[in-house]
Structures are given as C-alpha cells and as structure tokens.
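The values are calculated or read from the model by the stated rules, or taken from the named source; none is laboratory data. Predicted, not measured: the structure shown is a model, and the values here were computed from it. Cβ coordinates were reconstructed from backbone atoms using ideal geometry, including for glycine residues, and neighbour counts include every protein chain displayed.
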Amino acid sequence: MTNQSKQKVHAARKAIEYVEDGMVLGLGTGSTMDVFLDLLGERVQAGLQIKGVPTSVKTEQKAKQLGIPLTTLSDHPKLDLAFDGADEIDPDFQLTKGGGGSLLREKMVDVTAKQFIVVADESKMVNQLGAFPLPVEVVKFGWDSIREQLEALGCDAVLREVDGLPFETDNDQFIIDCHFHQIENPHMLRDQIKSIVGVVEVGLFLDMTDIVLVGVDEEVIIYE
Ligand code: 5RP
C-alpha cells in the first residue's frame, strides 16, 4: 500500500468515529470515500443503524453492495453529517472538488448537512487553490461556447474526455476542466463562472467545510 493510500485509510478510520446510531449521512465519492464506505459497511453489518444519501451512481452501487441502507434528499432534506473527499484544500478550508466528475450531486448533498466533514490525505493540502484544474459541469448544448467564455476568465478550458469520448456525468452533462494554475479570489471566480448561462455547477466548495480530517503518516490531523 502506498503512503498516500495509508493516509486515506487513517483519515477514513477517524471519520467513522463521528458516525452515531440513527444518523442520516451524505456519502461522498472518490477513492478516500471508497475506504470510508468499506468501514461503514462493516459497522452496518455489526448492527449500526444509519441511512446514507449517495453523491454519485458509483457510490450508490458500492453502498448497495455493502448493505448500507440508502435514502434520498427528498426524504431527508437535512442530513446529520456529510463525508466527502477533496482535490484541494486551502488554509481557509475552501475546496476544489469534482476530480471524479460528481461535483453537482456532491455539492447538493454536502451543503445540506449540519456538519460537512472533509476526509483527505496530506497531498490535498495546498497554500492556494488552482494547481488542480477546476471542474465545471455544463449542459451539452453549446458547450464549446461555454468553454470559450470560461477561457475569457483566464484559463485553458478543456472538455474532459475518457477514451477519446466526452466524459458524461451522472446527470448526463459534460465537464470542462479549467486550468487556472492559481486562483487568487475563489469567491469572485465562483460567481463569475456561475453567471455563465449553461454552467450547471462549479467545483469550488466555499464556506461549506466544518471539519477536515487529514491523514499524515501514522496519525490524523483534525481541523475544526
Ligand atoms: C469526486 C471528488 C472527490 O472527492 C475528489 O476527486 C477526491 O477523490 P479521492 O478521494 O479519490 O482523492 O470530488 O468528484
């Protein structure tokens, strides 16, 4: 197991400690969340009573395989806790997310939780957002015009592809990855991007984080 993988396991183990009987949880997406789901599945098999709202089809399928009971935002519009990974975490705990392409459902779920807990390995901690290309979910109609408007904000904007074909999200939309390299003002950029007609959501998760659990070697650093 790589050091990074071990850090994800340490952080996920700590995250599980926040879960209590009867809670309704937001279940994030990504490799760190996969570890968390495995641990949560073990706890459910041992008798823990929780329900989860998945943030992607992938997480939904994995949760079902593990026997984790699922519910919806319609049935539970206010969640107790949401757990999710991140692509970048800055010193103010502002995040870039969407590397896995699930940013829309992730933001919809994470924002409804009483506490949003970010679970990550130490590589995700950065001094400034932007080195990781910023994912933007857009409608398919006129996507190239949206891409040009994103580039006018000062980035190289690239349609995400898999095996030479456009990547399609769980919502049947496209992702454009915006290479800003440095994001000086995340709030202003978020507002500028969201004002482009055809943009559905942007992977800047601002002023949402309550707790960050960062796996570092054999321990976990907790920021609250
Ligand atoms: C998916 C995400 C993930 O949370 C993010 O990409 C981190 O993933 P990982 O835990 O695999 O590093 O935003 O859309």
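To keep it simple, each residue is scored yes or no on (1) acidic (Asp, Glu); (2) within 14 Å of the chain's Cα centre (by Cα).
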residue	(1), (2)
PHE83	no, yes
GLN94	no, yes
GLY98	no, yes
ALA113	no, yes
GLU122	yes, no
ALA131	no, no
LEU134	no, yes
PHE141	no, no
LEU159	no, no
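Would the stretch 156-169 turn up any residue that is away from the ligand (no atom under 14 Å from the Cβ), out of contact with any Asp or Glu (no Cβ under 6 Å at 6 or more places or on another chain) and within 27 Å of GLU184 (Cβ to Cβ)?
yes
Only one residue in GLY67, GLY47 is away from the ligand (no atom under 15 Å from the Cβ), on the phi > 0 side of the Ramachandran plot and out of contact with any helix residue (DSSP H, G or I) (no Cβ under 9 Å at 6 or more places or on another chain). Which one? First the steps, then the outcome.
Details: GLY67 fails: out of contact with any helix residue (DSSP H, G or I) (no Cβ under 9 Å at 6 or more places or on another chain).
Exactly one residue qualifies, and that residue is GLY47.
List the residue pairs whose Cβ atoms are under 7 Å apart, where the first residue sits in the stretch 196-207 and is on the phi > 0 side of the Ramachandran plot, the second is small (Gly, Ala, Ser) and surrounded by fewer than 18 Cβ atoms within 10 Å (Cβ to Cβ), and the two are 6 or more positions apart or on different chains.
Partner pairs satisfying both residue conditions: GLY198/GLY142.
So, in the stretch 27-41, exactly how many residues are touching a residue at least 60 places away in the same chain (Cβ under 8 Å) and near the ligand (Cβ under 8 Å from one of its atoms)?
5
Which ones in the stretch 76-98 are out of contact with any helix residue (DSSP H, G or I) (no Cβ under 7 Å at 6 or more places or on another chain) and over 18 Å from GLU60 (Cα atoms)?
Answer for the stretch 76-98, where residues must be out of contact with any helix residue (DSSP H, G or I) (no Cβ under 7 Å at 6 or more places or on another chain) and over 18 Å from GLU60 (Cα atoms): LYS78, ASP80, ASP90, PRO91, ASP92, PHE93, LEU95, THR96.
Out of curiosity, is LYS114 at pLDDT 95 or above and within 16 Å of the ligand (Cβ to nearest atom)?
Numbers: at pLDDT 95 or above: yes; within 16 Å of the ligand (Cβ to nearest atom): no.
Criteria not met by LYS114.
State whether the residues of the stretch 66-83 include one that is of a type outside the set (Val, Ile, Thr), out of contact with any strand residue (DSSP E or B) (no Cβ under 8 Å at 6 or more places or on another chain), over 27 Å from ASP207 (Cβ atoms) and surrounded by fewer than 19 Cβ atoms within 10 Å (Cβ to Cβ). Step through it out loud before you land on a result.
Our first condition is that a residue be of a type outside the set (Val, Ile, Thr); within the stretch 66-83, this holds for 66-67, 69-70, 73-83.
Those left that are additionally out of contact with any strand residue (DSSP E or B) (no Cβ under 8 Å at 6 or more places or on another chain): 66-67, 74-75, 77.
Next, only the ones that are over 27 Å from ASP207 (Cβ atoms) stay: 66-67.
Those left that are additionally surrounded by fewer than 19 Cβ atoms within 10 Å (Cβ to Cβ): 66-67.
Yes - at least one qualifying residue is present in the stretch 66-83.
Within the stretch 96-194, considering only strands (runs of 3 or more DSSP E) that don't extend past its boundaries, which have at least 1 residues that are surrounded by fewer than 23 Cβ atoms within 10 Å (Cβ to Cβ) and touching a residue at least 40 places away in the same chain (Cβ under 8 Å)? Steps first, please.
Details: elements: 113-121, 134-138, 156-159, 174-179.
Qualifying strands (runs of 3 or more DSSP E): 113-121, 174-179.
Checking the conditions here, which among THR59, THR32 is of a type outside the set (Phe, Trp, Tyr), within 14 Å of the chain's Cα centre (by Cα), at pLDDT 95 or above and under 16 Å from ALA120 (Cβ atoms)?
Numbers: THR59 fails: under 16 Å from ALA120 (Cβ atoms).
Going through THR59, THR32 in turn, just one is of a type outside the set (Phe, Trp, Tyr), within 14 Å of the chain's Cα centre (by Cα), at pLDDT 95 or above and under 16 Å from ALA120 (Cβ atoms): THR32.
Of the numbered conditions (1) more than 9 Å from the ligand (Cβ to nearest atom); (2) farther than 24 Å from GLY198 by Cα, SER123 satisfies every one except a single condition; which is it?
In the conditions (1) more than 9 Å from the ligand (Cβ to nearest atom); (2) farther than 24 Å from GLY198 by Cα, SER123 misses (1) alone.
Find the residue count for the stretch 201-218, including only residues that are in contact with a helix residue (DSSP H, G or I) (Cβ under 8 Å, 6 or more places away or on another chain), at pLDDT 95 or above and more than 14 Å from the ligand (Cβ to nearest atom).
Restricting attention to the stretch 201-218, the residues satisfying the condition of being in contact with a helix residue (DSSP H, G or I) (Cβ under 8 Å, 6 or more places away or on another chain) are 201-206, 208, 213-218.
In the following step, the residues that additionally are at pLDDT 95 or above were identified as 201-206, 208, 213-215.
Those still in the list that are more than 14 Å from the ligand (Cβ to nearest atom) too: 206.
Looking only at that region, the number is 1.
Output the residue which, of all residues in the stretch 15-47 that are among the acidic types (Asp, Glu) and surrounded by fewer than 16 Cβ atoms within 10 Å (Cβ to Cβ), is farthest from ASP210 (Cα to Cα). First the steps, then the outcome.
Of the stretch 15-47, the ones among the acidic types (Asp, Glu) are 17, 20-21, 34, 38, 42.
Among the residues that remain, those that are also surrounded by fewer than 16 Cβ atoms within 10 Å (Cβ to Cβ) are: 17, 20-21, 38, 42.
On the way: GLU17: 16, GLU20: 17, ASP21: 21, ASP38: 23, GLU42: 26 Å.
Filtering the stretch 15-47 for residues that are among the acidic types (Asp, Glu) and surrounded by fewer than 16 Cβ atoms within 10 Å (Cβ to Cβ), the one farthest from ASP210 (Cα to Cα) comes out as GLU42.
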